[in-house]
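K.L.:
Input: one structure, supplied below.
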Amino acid sequence: MHDATVYINAGGRGTRLNGVFQPDPRFGIAKALLRIGPNGKTAIECQVESALATQPRNVVVAAGDQSEVVRHIEAAYGTLDNVTVLHSDQCLGNGGDLIWSVRRHLELFAPELVVVNCDTLLTLRMQDLVTTHRSHPGVLTMGLTTLPGVPNEKAFWVNPDGLILYNGELQRNAMTEAEAGVFTQYRASSSGALAVDTGFVADFDWDSQRGELSIYRDIVGQAVRSRRAYAYNNGRNLFLDIGTAATWAQVAQDPSLVNTMLRYA
């Protein structure tokens, strides 16, 4: 991981938690600042510290237009040269934030970057994800889980070479389910983590005038349709999206789940 960048999505508005917290009229709910750890740490602190444990080249936190998240990261990690928080002045979606960050601050990004989300508790060896990414000719590698009961279960169809043939989360694929099924070795779900070539992100056909962009719908979608998306099989490792009311309640009741589940090294 010494020559890879970890990029953490932290600009979400937490709309799925509107029934739990009172959203700010402009910025919604800053999920990154929710305190989830057993020691009262915020979600973004737990993510940054788990990422730093892998000893990456650097960590980039994308706060979008969430100014409170920017101030919090600067106060917590301002003395570290390898942690940077980026702030844009508009809501671009998580895909738009990623492209904007890479294009505006290319000097911060290694040739490959690993993308994770501040509201996902995930057990995944980042070094293995990066090694898998470098072993194939694609531009993007999805961290997949075979754990049952997760959102969009078995949405990804993968062939014996690890190539993702079909993604059930997309409105448009390059082949049908029936066509993909002939060549599929296993099916799995997104864990919320991925590795991607920085150049692919920088050259993506999009600008902010075209509206918000999604990493998982648009950037992953293009890689899948062009047959340049591969899979890293993370097995049945633990996975929990705390951005919903039900899972937030689960973690709030048992904060030890953070240390149990959030492990990248």
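K.L.:
Stokes-Einstein at 10 °C, 1.306 mPa s, Kirkwood radius from Cα pairs: D for the chain in µm² s⁻¹?
P.N.:
This corresponds to a translational diffusion coefficient of 86 µm²/s.
K.L.:
In the chain, if the dipole is taken from +1 on Lys/Arg beta carbons and -1 on Asp/Glu beta carbons about the Cα centre, which of Thr131, Ala193, Met175 is farthest to the positive end?
P.N.:
Among Thr131, Ala193, Met175, the one farthest towards the positive end of the dipole of the chain is Met175.
K.L.:
Moving on. Kirkwood hydrodynamic radius of region 91-147 from all distinct Cα pairs, in Å?
P.N.:
Evaluated over region 91-147, this radius sits at 13.3 Å.
K.L.:
What are the ³J(HN,Hα) couplings of region 136-152, residue after residue, when phi is run through the Karplus curve with 6.51, -1.76, 1.60 and θ = phi - 60°? Round to Hz, x for glycine and proline.
P.N.:
Each residue's phi maps through the Karplus curve to give 10, x, x, 10, 8, 10, 8, x, 10, 10, 9, 5, x, x, 8, x, 6 Hz.
K.L.:
Now a separate question. Given +1 on the Cβ of Lys and Arg, -1 on the Cβ of Asp and Glu, and no further charges, what dipole in debye does the chain carry about its Cα centre, rounded to the nearest 20?
P.N.:
420 debye
K.L.:
Going by C-beta contacts inside 10 Å, put Thr176, Thr5 in order with the fewest on the left.
P.N.:
Result, fewest neighbours first: Thr176, Thr5.
K.L.:
Moving on. Among Gly168, Gly93, Gly211, which one shows the biggest mean-square fluctuation in a GNM of the chain, springs joining Cα atoms closer than 10 Å?
P.N.:
Gly211
K.L.:
Another question, if that's okay. For Gly143, enumerate residues with amide H under 5 Å from its amide H, sequence gap 5+ or separate chain, H modeled in the peptide plane.
P.N.:
Long-range HN contacts for Gly143: Ser191, Ala193, Leu194, Ala195, Tyr232.
K.L.:
Lys/Arg Cβ at +1, Asp/Glu Cβ at -1, dipole of region 5-257 taken about the Cα centre: which of Cys46, Gly78, Leu165 is farthest positive-ward?
P.N.:
Ranked along the dipole, the leading option is Leu165.
K.L.:
Then there's this: Residue by residue through region 230-246, what is 3J(HN,Hα) from phi via Karplus (6.51 cos²θ - 1.76 cosθ + 1.60, θ = phi - 60°)? Round to whole Hz and write x for glycine and proline.
P.N.:
10, 10, 10, 7, 8, x, 9, 4, 5, 8, 8, 8, 8, x, 10, 4, 5
K.L.:
Which value in Å does the Kirkwood hydrodynamic radius of region 99-234 take, with 1/r averaged over all unlike C-alpha pairs and then inverted?
P.N.:
One over the average 1/r among Cα pairs gives 15.2 Å for region 99-234.
K.L.:
Counting other Cβ atoms within 10 Å of each Cβ, which trypsin sites (Lys or Arg not before Pro) in region 77-179 have at most 13 and sit in a DSSP loop?
P.N.:
Working: sites: Arg103, Arg104, Arg125, Arg134, Lys154, Arg172; in loops: Arg125, Lys154, Arg172.
Those satisfying the criteria are Arg172.
K.L.:
Moving to a separate point now. Could you give each residue of region 95-105 its phi-based ³J(HN,Hα) in whole Hz, using Karplus coefficients 6.51, -1.76, 1.60 with θ = phi - 60°, and x for Gly or Pro?
P.N.:
x, x, 4, 5, 5, 4, 4, 5, 5, 6, 10
K.L.:
If you add up the charges near Tyr230, with Lys and Arg at +1 and Asp and Glu at -1, over every other residue whose beta carbon is less than 11 angstrom from its beta carbon, what do you get?
P.N.:
For residues surrounding Tyr230, the net value is +2.
K.L.:
Taking the Cα centre of region 140-265 as origin, work out the dipole magnitude from +1 charges on Lys and Arg Cβ and -1 charges on Asp and Glu Cβ, in debye rounded to 20.
P.N.:
260 debye
K.L.:
Would you grab the residues whose amide H sits under 5 Å from the one on Tyr7? Only those 5+ places off in sequence or on another chain, please, with H modelled 1.01 Å from N.
P.N.:
Result for Tyr7 returns Val60, Val114, Val115, Val116.
K.L.:
Suppose R0 equals 45 Å; then what is the FRET efficiency for Arg172 and Ala75 from their Cβ-Cβ distance, rounded to the nearest 0.05?
P.N.:
Using R0 = 45 Å, I get an efficiency of 0.55.
K.L.:
Which of Leu34, Leu80, Leu92 moves the most in a Gaussian network model of the chain with Cα springs under 10 Å?
P.N.:
Checking each option, the largest mean-square fluctuation is seen for Leu80.
K.L.:
Just want the ordering: Glu112, Glu68, from fewest to most Cβ atoms lying within 10 Å of their own Cβ.
P.N.:
Glu68, Glu112
Every number here is computed from the coordinates shown, using simple stated rules; none is lab data. What you see is a predicted model, and the numbers here were worked out from it, not measured in a lab. Cβ atoms come from the backbone with ideal geometry, glycine included; neighbour counts cover every protein chain shown.
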